[in-house]
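In what follows, a structure is listed as structure tokens, so that the remarks can point back to it.
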Amino acid sequence: MKQKLKYGFRKSKVARSLCGAVLGAAAIVSLGAVSANANEVKAEPEKTVVKTGEESVTAQPQQEKEQPSSIVEEFKGLDKTPVEVEKVEKSAPVVENPNPTPVEPKQPEFKPEMKATENSVETVADKTGSNELNFSTKAPTNTKTESTVAPLTIDHVYDYSSSYAGKVKDSLRLSKKIIEANSPESKHILQLYPDNYGQTSYHASGKKAVGGTHGVSSVVLTKQEALNIIDKLLAINAPTEKNPTYQNYGAYFQGLADAFGDKRYLDESAKDLVPFEAIAEKLTKPTETLSVIQYTDGWMDKGKVEEMDKSFAEWAKKRAKTFMSVVNRNEVTPNDTNSNRSLEQMRELGHPNIYDMTGKDPKVVDAEVIKQFLETATEKVKVTKGADQTANITIGGAGIKITKATLKGGSVNKELPVKDGKVDFSEKLPDGNYTIAYSFVGEGTVTGTVALDGKEAAKKVDTLSSKGGFVKADFRTSDGKTISGKNDLTILEAGKAIGADWKAPDADKSIVVNGQTYILVGVPKTQTGKVTKDNVTLHYVYQAKPSDKKVYKVTFKVLDAITGKQIDKEFAVAKGFEGSSYNVLSPKVDGYEVTLKEGSATGKLSNKDVTLTYLAHEKGGQVKAIFTDESGRELKDSQVVAETGELVGSSWKYDSELQKELKVGDKTYILTAVPERLQGEVTSDNQTLKFVYKLKEEPKPEQPAKPAKPKADKVAPKTLPKTSAVPGSNVAKTDSSAQLALVAAASVVSYAAGYGYAKKRKNN
């Protein structure tokens, strides 16, 4: 009995049904709780909207996230797409000049008023005349030149070529002896040069760094300063000498320059090497006595021949009191040149003072060079005045009677004695300029002469007759001045028969004298007539034509704003005189934005040309953003980041709002890749930023479990109502396999319990 009771409930049909219902309900409740929990964990995230360069909106507001500084940081885990560049083919820029071709301005017209001039008539007295004799006296002098040694400036020039390396130190020692022999107050300039090739040999570097085998010069030195520098130079051995101080000539000449110390001539502003003569002129005054002494050898006469620096030689001949060259053609080393080339070159240039020391004893050379140099370096001229000159004055002639003669000049003012209608006067006169004015009457020829110490100094011949005077024309400016270079014109010489006809030739409408153009503005009222005893002068008046006004022009050029290089050619756009107004239209360049950089497009011309400088800034290609799926299909309209035509080099930045998810129709796309950069500069080419999205996989909806179909002899279990332990949960949406298994197990358990209970009751 107890056994039956033990299993009675389990086998009861009612109990089976009740148990199945309870267990099913419990299972469903449990399933609802699990489903609710699953929905809570896997809730679909909200769409995230990000604005590049600004703030980001998070998808889960319950979580505190630091706002990303840029879209790159926000999506740094995503792939990066390169910025696509589309090359834009462009032709070379051409400047379009909207301005008309400038016209040469018309010079002001010069039309002076023509006027008539009156002829000048010089009345000639009947059978009377007068004239003047002009002469100068100067007593003879005796000149004596004495050589002296006085303070002077000596320019010592040394040949530092490789061929002279074995002899240059002897020249330095001789130079020291010349310095010692001169006045202690004398000044010195030391100059050394590298070779005798071409016309730039005697030049010095003004830079602290010599920069190769270039000459060197000192400033003006005192006696002791010059001696100190020479001692330093003596201690330096050339690369071709034994135990060389320097191994190459570049370093050698830098070492020579350094030996001058702070007494070296420097000019860092000089672009090129400075000629020796220019340095000497800069360092000395024109009033200073300057002498030049040069030390060199025989020079190469084969292969690359050597020659004198002509500009230095010509300067030395003109400027120096003496220009002396000491030539040493002795063969001391195998490199020495002992030809006559240097002597020949110097003589061709008219060298005034050459000393050839070849083959002479060094002691003899020293003495002779010092003596020769000092004797020609300075001199003193002594002048001794002789006796006053004797003037012999004679005036007279056949048929002519001298009426009066006066001698004037210096402190002399006397009337000369007239005897028998003639003047015969002799007297010593002090140095000076003299004039003898005399008058005469009669008909015939009168001759006046002055002889100084027996040599004729002045003579005049006049004739008194009944023949006519001269007719001539002169040329004057409107203010009465003579036109320099335009001589008077003799129309008719004096002495022609009275009553003869004369006619002036046509005058030139314009004449050019010494480059100046003159325009005829006055002609004689009378240009014809008859010869009289009087002298007639016709006057032609000319006015200097004003020089053409200088024409100034306005030009412009266009520079590439990025490269700075000029585009196309320069354009002349205006011409005019000083004070003329101009207005320049801005040029155009296709594909460029043109702006004025330098100059004014409008204004008035001054006394110089005007150049306007424009900058042409290239207009760049477009920058756009596109939004595609993984196959490249665009999901929405592209977005322009920088319009076509913005200036190349200007900045662009993608700062628009960007979605992590895109809804296209009924499909959702998730952002998977962003451009590698979101800002940059506009270029000549088109740029494309590519944002790539991937199709989002949506969860499959879950079908409710179908209960097992009961057999005909069994009671079908009741279907439990759908419920949820969690508000807002959706079991149908759960895709968990655990949930499906749980539902199946609950159904089986419920059915087994009900079936056992029913079987038990049937057996009982």
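The values are calculated or read from the model by the stated rules, or taken from the named source; none is laboratory data. Treat the numbers as computed from the prediction; the structure is a model and nothing was measured. Quick reminder, even Gly has a Cβ in these numbers, built from the backbone with ideal geometry, and neighbours come from all protein chains shown.
When residues of region 581-599 are filtered for being exposed (fewer than 13 other Cβ atoms within 10 Å of the Cβ) and closer than 27 Å to LYS106 by Cα, how many remain?
3
Tally the residues that are at negative phi and assigned to a loop (DSSP other than H, G, I, E, B), restricting the search to region 111-138.
The total comes to 11.
When you go through LYS636, LYS604, LYS608 one by one, which is the residue that is in contact with a Ser or Thr (Cβ under 7 Å, 6 or more places away or on another chain) and of a type in the set (D, E, K, R)?
That would be LYS604, the only listed residue that is in contact with a Ser or Thr (Cβ under 7 Å, 6 or more places away or on another chain) and of a type in the set (D, E, K, R).
Can you name the residue in region 115-129 that is of a type in the set (A, V, I, L, M, F, W, C) and at pLDDT 85 or above and is also farthest from GLY480 (Cα to Cα) among such residues?
Ranking the qualifying residues of region 115-129, first place goes to VAL121.
Take region 648-667 and flag every residue that is surrounded by 16 or more Cβ atoms within 10 Å (Cβ to Cβ) and over 17 Å from PRO82 (Cα atoms).
Correct list: VAL648, LEU658, GLN659, LYS660, GLU661, LEU662.
For (1) surrounded by 13 or more Cβ atoms within 10 Å (Cβ to Cβ); (2) under 20 Å from GLY261 (Cα atoms), each residue gets a yes or a no:
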| position | (1), (2) |
| --- | --- |
| ASN119 | yes, no |
| LEU172 | yes, yes |
| SER186 | yes, no |
| LEU190 | yes, yes |
| GLY212 | no, yes |
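List the pairs whose first member sits in region 337-357 and is polar (S, T, N, Q), whose second member is in a helix (DSSP H, G or I), and whose Cβ atoms are under 7 Å apart, counting only residues at least 6 apart or on separate chains?
Short answer, once both residue conditions are applied: THR337/SER163; ASN353/THR376.
Can you pull out every residue in region 81-117 that is within 30 Å of LEU538 (Cβ to Cβ) and surrounded by 10 or more Cβ atoms within 10 Å (Cβ to Cβ)?
Result: PHE110, PRO112, MET114, LYS115, ALA116, THR117.
Please list, ordered by residue number, the strands (runs of 3 or more DSSP E) wholly in region 590-644 having 2 or more residues that are among the acidic types (Asp, Glu) and over 30 Å from ILE670 (Cβ atoms).
Qualifying strands (runs of 3 or more DSSP E): 592-598.
Residues are listed down the side, and each one gets a yes or a no for (1) assigned by TED's automatic domain parsing to the domain that holds THR153; (2) more than 17 Å from ILE154 (Cβ to Cβ); (3) surrounded by fewer than 15 Cβ atoms within 10 Å (Cβ to Cβ):
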{"residue": "LYS285", "(1), (2), (3)": "yes, no, yes"}
{"residue": "GLN294", "(1), (2), (3)": "yes, no, no"}
{"residue": "LYS302", "(1), (2), (3)": "yes, yes, yes"}
{"residue": "GLU307", "(1), (2), (3)": "yes, yes, no"}
{"residue": "PHE312", "(1), (2), (3)": "yes, no, no"}
{"residue": "LYS321", "(1), (2), (3)": "yes, no, no"}
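In region 394-407, is there at least one residue being at pLDDT below 90, over 27 Å from THR141 (Cα atoms) and β-branched (Val, Ile, Thr)?
Looking through region 394-407, at least one residue is at pLDDT below 90, over 27 Å from THR141 (Cα atoms) and β-branched (Val, Ile, Thr).
Any idea which of VAL121, VAL157, VAL95 is among the hydrophobic types (A, V, I, L, M, F, W, C), touching a strand residue (DSSP E or B) at 6+ places or on another chain (Cβ under 6 Å) and under 30 Å from TYR434 (Cα atoms)?
The match here is VAL121.
Kindly provide the set of residues from region 323-359 that are in a loop (DSSP other than H, G, I, E, B), crowded, with 16+ Cβ neighbours inside 10 Å and of a type in the set (D, E, K, R), ordered by number.
ARG329, ASP336
Could you check, for region 251-261, whether at least one of its residues is in the same structural domain as VAL369 (by TED's automatic domain parsing) and farther than 23 Å from ARG173 by Cα?
There is at least one residue in region 251-261 that is in the same structural domain as VAL369 (by TED's automatic domain parsing) and farther than 23 Å from ARG173 by Cα.
For region 651-686, which positions are among the hydroxyl-bearing types (Ser, Thr, Tyr) and either touching a strand residue (DSSP E or B) at 6+ places or on another chain (Cβ under 7 Å) or within 15 Å of THR628 (Cβ to Cβ) (or both)?
Selection gives SER651, TYR654, SER656, THR668, TYR669, THR672, SER684.
Among the strands (runs of 3 or more DSSP E) confined wholly to region 483-581, which include 2 or more residues that are in contact with an Asp or Glu (Cβ under 9 Å, 6 or more places away or on another chain)?
516-524, 528-530, 535-544, 552-560, 566-576
Mind counting the residues in region 173-196 that are among the β-branched types (Val, Ile, Thr) and in contact with an Asp or Glu (Cβ under 8 Å, 6 or more places away or on another chain)?
1
For region 403-442, what are the residues that are in a strand (DSSP E or B) and of a type in the set (Asp, Glu)?
Passing the criteria: GLU415, ASP424, GLU427.
Let's see how each residue does on (1) loosely packed, with under 15 Cβ neighbours inside 10 Å; (2) within 30 Å of PRO108 (Cβ to Cβ); (3) touching a Pro at 6+ places or on another chain (Cβ under 8 Å); (4) in the same structural domain as GLN687 (by TED's automatic domain parsing):
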residue: VAL558; (1), (2), (3), (4): no, no, yes, no
residue: LYS569; (1), (2), (3), (4): yes, no, no, no
residue: ALA574; (1), (2), (3), (4): no, yes, yes, no
residue: GLY579; (1), (2), (3), (4): yes, yes, no, no
residue: GLY603; (1), (2), (3), (4): yes, yes, no, no
residue: VAL610; (1), (2), (3), (4): no, yes, no, no
residue: GLY632; (1), (2), (3), (4): yes, no, no, yes
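Give me the residue from region 361-391 that is part of a loop (DSSP other than H, G, I, E, B) and exposed (fewer than 14 other Cβ atoms within 10 Å of the Cβ) and, out of that set, modelled with the lowest pLDDT.
So the residue we want is GLY386.
Could you say which residue among VAL521, VAL512, VAL461, VAL446 is surrounded by 15 or more Cβ atoms within 10 Å (Cβ to Cβ), of a type in the set (A, V, I, L, M) and either free of Cβ contacts under 8 Å to residues at least 60 places away in the same chain or under 30 Å from ILE400 (Cβ atoms) (or both)?
It is VAL446.
Suppose we filter SER161, SER205 for residues that are within 29 Å of PRO362 (Cβ to Cβ) and either surrounded by fewer than 22 Cβ atoms within 10 Å (Cβ to Cβ) or polar (S, T, N, Q) (or both); which single one remains?
Every option except SER161 fails the conditions.
Which numbered condition in (1) hydrophobic (A, V, I, L, M, F, W, C); (2) over 30 Å from GLY620 (Cα atoms); (3) assigned to a loop (DSSP other than H, G, I, E, B) is the only one that ALA92 fails?
Tallying (1) hydrophobic (A, V, I, L, M, F, W, C); (2) over 30 Å from GLY620 (Cα atoms); (3) assigned to a loop (DSSP other than H, G, I, E, B), ALA92 fails exactly one: (2).
Among the residues of region 599-614, is any closer than 27 Å to GLY649 by Cβ and in contact with a His (Cβ under 7 Å, 6 or more places away or on another chain)?
Scanning region 599-614, I find no residue that is closer than 27 Å to GLY649 by Cβ and in contact with a His (Cβ under 7 Å, 6 or more places away or on another chain), so the answer is no.
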